[in-house]
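Asks: Mind having a look at this structure? Questions to follow.
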Amino acid sequence: MRRFQIELEKIGVSDSRVYELARAAQEIHTAISAIDDDNRYLLLKAMPEFIFVARRYASFDDTLNADFPCGGAKANYEKTI
């Protein structure tokens with residue numbers, strides 16, 4: 001989470017909000033990691049911003065999954081976001 005916080009600081013986010021935003025992004029990543037591909041696909045179609053935030057957050061931590069398949073058996077893997 002620290003690398004994500006540093007990035008928020010670099011772009012000028014208020015010090016008082018950096019931790020809260022990083023924590024929110026972490027929670028979104030955790031929640032999306034726990035749902036199945038079919039539900040992730042539904043989320044991608046209805047609210048793609050959540051997938052974007054989860055992937056962006058994970059891109060700052062080599063131990064996190066940023067490659068969320070969206071669609072499962074439907075083969076609707078979309079990594080364009």
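Asks: From (1) at pLDDT 95 or above; (2) farther than 17 Å from ASP62 by Cα, pick out the condition that doesn't hold for PHE4.
Replies: Of everything listed in (1) at pLDDT 95 or above; (2) farther than 17 Å from ASP62 by Cα, PHE4 misses just condition (2).
Asks: If you scan the stretch 38-57, which residues turn out to be of a type in the set (Lys, Arg), within 21 Å of GLU7 (Cβ to Cβ) and in contact with a helix residue (DSSP H, G or I) (Cβ under 8 Å, 6 or more places away or on another chain)?
Replies: The answer is ARG56, and nothing else.
Asks: Does ILE51 satisfy the condition of being under 16 Å from THR63 (Cα atoms), modelled with pLDDT under 95 and within 10 Å of the chain's Cα centre (by Cα)?
Replies: When the stated conditions are applied, ILE51 does not pass them.
Asks: Something else now. Filtering the stretch 16-31 down to residues that are more than 12 Å from TYR57 (Cα to Cα) and in contact with a helix residue (DSSP H, G or I) (Cβ under 7 Å, 6 or more places away or on another chain), which residue is surrounded by the most Cβ atoms within 10 Å (Cβ to Cβ)?
Replies: VAL18
The values are calculated or read from the model by the stated rules, or taken from the named source; none is laboratory data. These figures come from a predicted structure and were not determined experimentally. Using ideal geometry, Cβ is built from the backbone for each residue, glycine included, and neighbour counts are taken over all protein chains shown.
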